[in-house]
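Worksheet: one structure, shown below.
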Amino acid sequence: MATIDIRSVRKSYAQTEVIKGIDCAIADGEFLVMLGPSGCGKSTLLRMVAGLEPITKGEIAIGGRVVNDLEPKDRNIAMVFQNYALYPHMSVYENMAYGLKIKGMPKAEIDAAVKEAARILELGPFLDRKPRQLSGGQRQRVAMGRAIVRKPQVFLFDEPLSNLDAKLRTQMRVEIKRLQSQLAVTSLYVTHDQVEAMTLADRIMVMNAGVAEQVGTPLEVYRRPASTFVAGFIGAPAMNFMPGRMGADGRSVGVDGGLSFTLAEGAAAAGRPVTLGVRPEHLHPANEIPDATTIALRVELVEALGADTVVHGRIEGTSGPILARLPGTARVAIGDVLPLAPAPGELHLFDAETGRRMAA
Amino acid sequence: MQRRVIFDDKLLPYLLLFPQVAVTLVFFIWPALQAVWQSTQLQDVFGLSTQFVWFENYTAVLTDPGYVGSIRVTAIFAASVTGLSMGLALLFAVMADANIRGREAYQALLIWPYALAPAVAAVLWLFIFHPQIGMVGRTLNQAGVPWDYKLNNGQALSLVILASAWKQVSYNFIFFLAALQSIPKSVIEAAAIDGAGPRRRFFTIQFPLIAPTSFFLLIVNVTYAFFDTFGVIHALTQGGPGTATSTLIYNVYKAGMVAQDLGGSAAQSVILMAFVIALTAVQFRFVERRVHYG
Amino acid sequence: MIARRSWTDAIPHLVLILGVAVFAFPIYVALVGSTWDAGTIGRGRLPLVPGPDGWANYDQALFGDRGGRISYVPVSQMMWNSFVMAMVITVGKIVISLLSAYAVAFFRFPGRMVFFWMIFITLMLPVEVRIVPTFEVISDLGMVNTFAGLTVPLIASATATLLFRQFFLTIPDELVEAAKIDGAGPMRFFFDVVLPLSRTNIAALFVILFIYGWNQYLWPLLVTSTREMETIVIGITKMLGTSDAQTDWNLIMATTILALLPPVAVVIAMMRTFVKGLVDGDK
């Protein structure tokens with residue numbers, strides 16, 4: 001068990017900087033998910049913790065010990081790879097035992113450790129099989145088993161579920177969560193799938209273009225996104241954004257199309273260009289929300305998903321599309337004009353220039 | 001091209017490369033440079049002194065009617081061996097590719113001659129075409145057809161071509177069959193639905209699709225005819241009668257090892273080297289294209 | 001499935017049977033020739049069926065001294081020479097190609113591309129085009145009439161190196177990383193992972209190279225001058241001599257059969273591996 005400290009870590013390849021200074025302290029036993037689009041640097045950061053990429057600048061410490069110059073094998077970590085990276089010519093047993101064998105652990109101890117991992121992961125009947133004789137989910141479990149037997153201080157997961165089909169992914173997600181809380185090993189988990197992130201994480205680090213946009217619990221990240229990027233990345237369908245300007249009172253925002261929304265609290269100087277955000281699920285029929293600004297949404301497309309109905313439309317006089325997520329019982333047709341209003345306290349205000357959050 | 005993930009030992013890669021590089025330097029690159037150097041030297045008859053003569057050896061070689069003759073012999077020889085062995089191999093491969101029973105058995109029976117040494121192939125054919133004791137050679141002579149490959153230029157050349165081509169068919173067959181079998185059945189079925197008959201399907205679908213293989217084999221066969229058939233010629237005719245079967249390779253050997261004409265042999269070597277380099281360059285341009293063909 | 005007509009079905013069989021016959025015929029005749037006495041063959045009256053002298057012919061070829069006409073080396077000795085030559089060339093080529101391909105594929109170091117090209121250009125320098133200077137190197141090193149001279153100059157291999165390198169490039173990066181995390185260094189990774197994964201390639205290459213080694217002609221012709229070092233392929237053509245009616249055709253044919261047996265046996269035993277390796281590798 002150990003803490004992980006990432007201090008001002010940077011990574012450059014030749015002229016290009018791909019990690020632009022990241023700080024994060026991960027508590028003992030914590031499950032931190034690094035979430036972001038492809039190319040945001042999340043895998044690179046993970047690989048630097050693993051010791052598979054050199055650290056250009058800054059420090060990484062595991063359990064209080066700076067590991068910058070340590071080989072992967074000396075960092076007391078275990079890693080689960082996206083394509084499992086099982087040794088194809090070794091049996092399940094040999095795959096799990098290989099690292100321990102190299103460490104020079106006595107045979108009896110290896111055997112006990114492998115059998116124990118196989119028991120936890122229900123791999124007992126497959127120990128003599130080769131990876132190619134296993135299903136995707138079973139291979140995934142072997143990869144986890146290989147990580148478990150090492151009894152590491154830290155688990156590193158590099159998109160471990162993205163090669164599985166949707167059903168298996170849900171199942172393995174639950175299994176990973178169960179395993180991690182059972183073993184209470186500090187874990188770093190890289191994914192681009194926000195559902196994985198929301199369900200697995202104690203905290204999520206949302207990354208974009210080499211910086212950590214926000215680190216917070218899943219609900220914090222959802223409720224108080226720190227930037228337009230986070231706000232747009234978390235939540236499906238994505239948050240609606242409307243460009244606008246602070247009103248003279250410093251509490252209302254006038255957006256394109258002539259509408260004006262009043263915020264719960266004052267936030268910025270009058271006249272400042274801002275971006276107003278509201279999530280599709282927070283737009284409700286106007287008659288349910290008294291005293292709110294009404295949006296007249298002209299419906300262009302209706303997606304009936306069963307539980308919900310997602311409506312794509314446009315406010316008269318503006319160009320950007322607006323999405324609303326209504327109950328599945330809503331009767332909506334293309335061409336309707338729906339009066340909608342944001343739920344109280346669910347408006348998000350961002351600086352138009354920096355994209356940073358300004359107020360609730 | 002390079003892997004993304006590597007090991008970063010400093011000394012180890014050099015140790016790993018050492019044996020290969022040592023053998024390459026000592027037995028390949030050094031002798032090749034020697035050949036280039038010797039090709040500009042003229043040695044007196046007693047081997048006592050040598051003299052730098054620029055390109056005199058080359059002029060001597062290229063104006064020697066014997067050498068020019070051997071270029072002609074080599075061209076006929078290479079074209080015949082390549083055409084004969086590739087043509088037969090393609091025929092067999094198309095037949096074996098047809099959906100018939102026992103394909104595997106035929107394949108097995110046609111493949112093994114690959115394992116024969118060219119010189120052994122030569123002896124096998126000699127035993128059949130020997131003018132006195134050979135089953136076919138003797139029969140020909142008895143039937144009034146004069147047959148003696150030791151006296152008749154055309155017959156000698158025909159025999160070395162036959163033996164050389166015979167041995168190479170299996171190699172070509174393996175590649176043609178693999179190429180034909182790698183064509184997806186659906187493509188051929190689509191052509192059948194489009195109304196193409198078997199003959200038309202072969203010429204418009206299969207043949208163009210195996211063109212890369214054919215081209216590759218063309219290069220391999222020319223190389224084979226140039227270099228690997230030395231054994232056939234040395235065993236069967238020793239380049240004779242006269243110079244009727246003296247290919248370029250046989251000439252280099254004769255000039256260097258028998259006549260001890262170092263400068264001339266070296267000049268011939270360098271000319272052949274240039275030829276191989278050209279051939280390899282063509283082959284590798286082609287291999288790169290092949291990547292796109294999948 | 002494309003509809004077929006029954007009469008066209010017969011054509012492929014016909015052509016292939018004819019082809020197989022043409023291929024098998026010379027071998028069959030040699031086999032028959034090796035079972036009759038020299039006199040029968042010398043009179044040009046070789047029957048089409050095996051004769052009674054097979055046992056005696058093979059026994060004499062393998063172990064005899066040929067009745068004192070010329071002092072021959074027994075074929076068993078030649079076969080041993082050929083076998084040693086083929087095995088050293090095969091194993092040598094595979095080992096040094098594996099090592100150098102591993103260096104080129106798994107390391108980054110100054111001069112990597114120089115070495116790569118140096119190995120690559122050996123493709124363009126077959127022994128046939130540099131006969132005399134190569135022979136001079138061998139004789140300067142005192143390697144004439146030795147197994148070392150017979151084999152070492154042939155064990156550099158650009159083809160095998162390129163083949164292995166290409167295969168090594170397909171080994172997933174994650175496998176290397178998993179090994180690093182498991183604590184395996186480069187040599188451990190080579191022996192525990194790379195080598196076992198290369199098994200199929202090595203097997204296919206073994207067949208191809210064994211045949212290559214066994215069938216060598218020009219090189220043994222140059223570097224061996226004593227009877228004791230003669231390989232079987234060279235031995236046969238030396239036996240031909242003037243190849244007149246008085247030649248010991250029965251013994252030559254027995255020797256020929258013995259010369260083609262080992263490589264043919266290897267091909268037949270490993271047909272599948274060999275075909276796959278040849279087609280995949282020789283591009």
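Annotation for segment A:257-268: at least one member residue is crowded, with 16+ Cβ neighbours inside 10 Å, hydrophobic (A, V, I, L, M, F, W, C) and closer than 13 Å to A:Arg357 by Cα.
Give the residue that is nearest to the other protein chains (Cβ to nearest Cβ), with candidates limited to residues of segment A:144-166 that are outside any helix (DSSP H, G or I), farther than 30 Å from A:Gly104 by Cβ and at pLDDT below 90.
Kept after step one, since they are outside any helix (DSSP H, G or I), are these residues of segment A:144-166: A:150-165.
If we keep only those that are farther than 30 Å from A:Gly104 by Cβ too, we end up with A:159, A:161-165.
Subset that is at pLDDT below 90: A:162-165.
On the way: A:Ser162: 13, A:Asn163: 11, A:Leu164: 16, A:Asp165: 20 Å.
If we take residues in segment A:144-166 being outside any helix (DSSP H, G or I), farther than 30 Å from A:Gly104 by Cβ and at pLDDT below 90, then A:Asn163 is nearest to the other protein chains (Cβ to nearest Cβ).
Matching residues to (1) of a type in the set (A, V, I, L, M, F, W, C); (2) open to solvent by 20 Å² or more (accessible area, probe 1.4 Å); (3) at pLDDT 85 or above; (4) in contact with a Leu (Cβ under 9 Å, 6 or more places away or on another chain):
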residue	(1), (2), (3), (4)
C:Ala184	yes, no, yes, no
C:Ala203	yes, yes, yes, no
C:Gln216	no, yes, yes, yes
C:Val223	yes, no, yes, yes
C:Ser243	no, no, no, yes
C:Leu260	yes, no, yes, yes
C:Val267	yes, no, yes, no
C:Thr273	no, yes, no, no
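Pairs meeting the criteria (first residue in segment B:31-48 and closer than 12 Å to C:Arg130 by Cα, second residue charged (D, E, K, R) and modelled with pLDDT of 75 or more, beta carbons under 6 Å, at least 6 apart or on different chains) are B:Pro31/C:Arg130; B:Ala32/C:Arg130; B:Ala35/C:Arg130. Taking first residues from segment C:171-186 that are more than 9 Å from chain A (Cβ to nearest Cβ) and partners that are at pLDDT 90 or above and open to solvent by 10 Å² or more (accessible area, probe 1.4 Å), the Cβ contacts under 8 Å between residues at least 6 apart in sequence or on separate chains come to C:Ile171/C:Leu197; C:Pro186/B:Leu12. Selection over segment B:85-94 of residues that are open to solvent by less than 30 Å² (accessible area, probe 1.4 Å) and facing chain C (nearest Cβ under 7 Å) gives a count of 1. Which residues, counting only those in segment B:160-179, are within 16 Å of the chain's Cα centre (by Cα) and not β-branched (Val, Ile, Thr)? Of everything in segment B:160-179, those that are within 16 Å of the chain's Cα centre (by Cα) and not β-branched (Val, Ile, Thr) turn out to be B:Leu162, B:Ala163, B:Ser164, B:Ala165, B:Trp166, B:Lys167, B:Gln168, B:Ser170, B:Tyr171, B:Asn172, B:Phe173, B:Phe175. Residue count for segment C:31-50, restricted to those that are under 14 Å from C:Asp248 (Cβ atoms), modelled with pLDDT of 85 or more and outside any loop (DSSP other than H, G, I, E, B): 1.
What pairs come out if I take residues in segment A:167-178 that are part of a helix (DSSP H, G or I) and pair them with residues that are of a type in the set (A, V, I, L, M, F, W, C) and modelled with pLDDT of 90 or more whose C-beta lies under 7 Å away, six or more apart or interchain? Here the result reads A:Arg169/A:Leu161; A:Met172/A:Leu161; A:Arg173/A:Leu161; A:Arg173/A:Leu200; A:Ile176/A:Leu200; A:Lys177/A:Leu200, each pair linking segment A:167-178 to a residue that is of a type in the set (A, V, I, L, M, F, W, C) and modelled with pLDDT of 90 or more. Listed by first and then second residue, the pairs with beta-carbon distance under 8 Å, at least 6 apart or on different chains, first residue in segment C:36-59 and within 18 Å of C:Val75 (Cα to Cα), second open to solvent by less than 20 Å² (accessible area, probe 1.4 Å) and among the aromatic types (Phe, Trp, Tyr), are C:Ala38/C:Trp249. Residues in segment A:271-303 that are open to solvent by 60 Å² or more (accessible area, probe 1.4 Å) and part of a loop (DSSP other than H, G, I, E, B): 4 in all.
Just checking, how many residues over segment C:149-170 are β-branched (Val, Ile, Thr), free of Cβ contacts under 8 Å to residues at least 12 places away in the same chain and either assigned to a helix (DSSP H, G or I) or surrounded by 21 or more Cβ atoms within 10 Å (Cβ to Cβ) (or both)? Spell out the reasoning first.
Filtering segment C:149-170 for residues β-branched (Val, Ile, Thr) gives C:151-152, C:155, C:159, C:161, C:170.
Narrowing the set further to residues that are free of Cβ contacts under 8 Å to residues at least 12 places away in the same chain leaves C:170.
Right, trim to either assigned to a helix (DSSP H, G or I) or surrounded by 21 or more Cβ atoms within 10 Å (Cβ to Cβ) (or both) and you get none.
The qualifying residues number 0.
Restricting segment B:97-149 to residues that are of a type in the set (A, V, I, L, M), open to solvent by 50 Å² or more (accessible area, probe 1.4 Å) and more than 18 Å from C:Arg43 (Cα to Cα), the residue that is nearest to the other protein chains (Cβ to nearest Cβ) is B:Leu109. With respect to B:Arg72, is the statement that it is of a type in the set (Lys, Arg) and surrounded by 17 or more Cβ atoms within 10 Å (Cβ to Cβ) true? Considered against the rule, which asks whether it is of a type in the set (Lys, Arg) and surrounded by 17 or more Cβ atoms within 10 Å (Cβ to Cβ), B:Arg72 comes out as no. Selection over segment A:335-346 of residues that are closer than 13 Å to A:His284 by Cβ, of a type in the set (A, V, I, L, M, F, W, C) and open to solvent by 10 Å² or more (accessible area, probe 1.4 Å) gives a count of 2.
From the list C:Leu154, C:Leu98, exactly one residue is more than 14 Å from chain A (Cβ to nearest Cβ), touching a Ser or Thr at 6+ places or on another chain (Cβ under 8 Å) and among the aliphatic types (A, V, I, L, M). Which is it? Lay out the reasoning, then the answer.
Numbers: C:Leu154 fails: touching a Ser or Thr at 6+ places or on another chain (Cβ under 8 Å).
After ruling out the rest, the residue left standing is C:Leu98.
Restricting attention to segment C:212-233, the residues that are in contact (Cβ under 8 Å) with a residue 40 or more places away in the chain and either assigned to a helix (DSSP H, G or I) or in contact with a strand residue (DSSP E or B) (Cβ under 9 Å, 6 or more places away or on another chain) (or both) total 13.
The values are calculated or read from the model by the stated rules, or taken from the named source; none is laboratory data. The shown structure was predicted, so the numbers you read here are calculated from the model rather than taken from an experiment. Methodologically, a virtual Cβ is constructed for each residue, glycine included, from the backbone with ideal geometry; neighbour enumeration extends over all protein chains shown. The protein model used for the area step is the full one, side chains on, heavy atoms only, and it has no ligands, DNA or RNA in it. Shrake-Rupley method; radii C 1.70, N 1.55, O 1.52, S 1.80 Å.
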